[in-house]
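Presented below is the structure to which this report refers.
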Amino acid sequence: MKDVYIMGIETSCDETSISIVKNGNEEIATTVLTQMDTHALYGGVVPEIASRMHTENITMVLEDVLSKTDITMERIDAIAVSYAPGLLGSLLVGVEFAKVLSLVYQKPLIATHHIAGHIYANNLVKKLEFPLLAVVVSGGHTELVLMKGDYQFKVLGTTVDDAIGECFDKVARVLGLPYPGGPNVEKLALMGKPTYQLPKPMDNDELNFSFSGLKSAVINLNHNESQKGNEVRKEDLACSFQHVSFDQIIRKTKMAIERYDIKRVIVAGGVSASKFLRAEMEKLCEDMKVDLTIPPMKYCTDNATMIAAAAYPQYLNHDFAGLDLQARSSSYFF
Ligand code: KG4
Ligand code: ZN
């Protein structure tokens, strides 16, 4: 079969990224332009600024990625774009840009889900073999997903309230840490010990998750100690919070492995950048003799390589979108 080159476009939050991937698993060239330093000035992503910056930068990102390879626009087989979920204004820039490329160069358009992207980032490390358990941990998702084949998703457990990344970002604010929250909580936690008693969420045999009670517990503890004039040992609180939140992920993953006789686990989403979670997952999967894949850091944070990788099974399936494709801020994928 002839090689398939897919161009992926990702603009769902504060990264403008374009990538070319061969046959769904070989990265040819990628450019990621992050707006992180700009949003850090405001303590979080400002949607208006994010979409304006995507608009200003996306053409330059395209030129940059093309300058890294001999593959020309004419050789590209399809244009894939992250169309949901994310910030609507940001997604729109990518979607409209992808439509223009599709029309001008007469290439099929593929609407790829951002979370499918995070899952298929693993295919860039090792070809996905089914059945597998995907542990999805991101800013908006916390799910245990059983996959029996490409794009066959069965949710075994999900969060009943907040997503884990969202919880890390809220706790970071309470601790007075700058944006982006998750990595800064992890940095602070490295200097502390898990000395604070925090409630263990979902301490039952369900595969669902909960993070809002834990978030409130951190907020209340911080508030009560300050009211009493006691010093809050922020590094210990960050460390305690990190332990309890990842303990929940590990406990539920273990339960799912046992219940569904899982032999392969993959981890997906921005929170998989956590070195603490990576180490705990490695320990668990080693103990349970389960094959584990976690994408390298560059594929954990938002990037277009994962979008082009996730679009490959869609391409093979002729799952193409029309020029009436709409960006969607929220979408139930699974
Ligand atoms: O997957 P992602 O880019 O967002 C969505 O697609 O929803 O993940 C971003 C999330 C943010 O909430 C961020 O704080 C979190 O991932 N994150 C981390 C770490 N690095 C990123 N959370 C905990 N520890 C980290 N090291
Ligand atoms: Zn993401």
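The values are calculated or read from the model by the stated rules, or taken from the named source; none is laboratory data. No experiment lies behind these values; they were computed from the predicted model shown. Cβ atoms come from the backbone with ideal geometry, glycine included; neighbour counts cover every protein chain shown. Each accessible area value is taken on the protein alone, full model and side chains, heavy atoms only, with ligands, DNA and RNA left out. Shrake-Rupley method; radii C 1.70, N 1.55, O 1.52, S 1.80 Å.
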So is Val93 assigned to a strand (DSSP E or B) and open to solvent by less than 30 Å² (accessible area, probe 1.4 Å) or not? no
Please specify each residue of the stretch 285-332 satisfying the condition of being in a loop (DSSP other than H, G, I, E, B), open to solvent by 50 Å² or more (accessible area, probe 1.4 Å) and within 16 Å of ligand 1 (Cβ to nearest atom). Pro296, Thr301, Arg328, Ser329, Ser330, Tyr332
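Residues are listed down the side, and each one gets a yes or a no for (1) hydrophobic (A, V, I, L, M, F, W, C); (2) closer than 27 Å to Ala84 by Cβ:
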{"site": "Val267", "(1), (2)": "yes, yes"}
{"site": "Glu282", "(1), (2)": "no, no"}
{"site": "Ala311", "(1), (2)": "yes, yes"}
{"site": "Gln326", "(1), (2)": "no, yes"}
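Conditions (1) within 21 Å of the chain's Cα centre (by Cα); (2) over 29 Å from Asn317 (Cα atoms); (3) at pLDDT below 95, marked per residue:
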residue: Ser19; (1), (2), (3): yes, no, no
residue: His54; (1), (2), (3): yes, yes, no
residue: Ala78; (1), (2), (3): no, no, no
residue: Ala84; (1), (2), (3): yes, no, no
Please verify whether Glu280 is under 30 Å from Thr195 (Cα atoms), away from ligand 2 (no atom under 16 Å from the Cβ) and without any contact (Cβ under 8 Å) to a residue 12 or more places away in the chain, treating the condition exactly as stated. no
I'd like to check something: does the stretch 60-68 contain any residue that is within 15 Å of the chain's Cα centre (by Cα), open to solvent by 20 Å² or more (accessible area, probe 1.4 Å) and in contact (Cβ under 8 Å) with a residue 12 or more places away in the chain? no
Determine, yes or no, whether Gly44 is modelled with pLDDT under 95 and within 19 Å of the chain's Cα centre (by Cα). yes
In the stretch 111-123, anything over 15 Å from Thr11 (Cβ atoms) and away from ligand 2 (no atom under 12 Å from the Cβ) is listed as Tyr120, Asn122, Asn123
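Strands (runs of 3 or more DSSP E) wholly in the stretch 1-66 with at least 3 residues that are over 21 Å from Arg173 (Cα atoms) and among the acidic types (Asp, Glu) - which ones?
The strands (runs of 3 or more DSSP E) meeting that bar number zero.
If you check His54, His39, which single one turns out to be more than 17 Å from Ile9 (Cβ to Cβ), within 16 Å of ligand 1 (Cβ to nearest atom) and surrounded by 14 or more Cβ atoms within 10 Å (Cβ to Cβ)?
That would be His39, the only listed residue that is more than 17 Å from Ile9 (Cβ to Cβ), within 16 Å of ligand 1 (Cβ to nearest atom) and surrounded by 14 or more Cβ atoms within 10 Å (Cβ to Cβ).
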Could you say whether any residue in the stretch 125-137 is within 16 Å of ligand 2 (Cβ to nearest atom), touching a residue at least 24 places away in the same chain (Cβ under 8 Å) and not in a strand (DSSP E or B)? no
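Is it fair to say Glu258 is within 16 Å of ligand 1 (Cβ to nearest atom), open to solvent by 10 Å² or more (accessible area, probe 1.4 Å) and either farther than 24 Å from Lys148 by Cβ or not small (Gly, Ala, Ser) (or both)?
No: the conditions fail for Glu258.
Go through Thr38, Thr34, Thr16 for me and flag whichever is in contact with a helix residue (DSSP H, G or I) (Cβ under 6 Å, 6 or more places away or on another chain) and not acidic (Asp, Glu).
Thr16 is the lone residue from the list that is in contact with a helix residue (DSSP H, G or I) (Cβ under 6 Å, 6 or more places away or on another chain) and not acidic (Asp, Glu).
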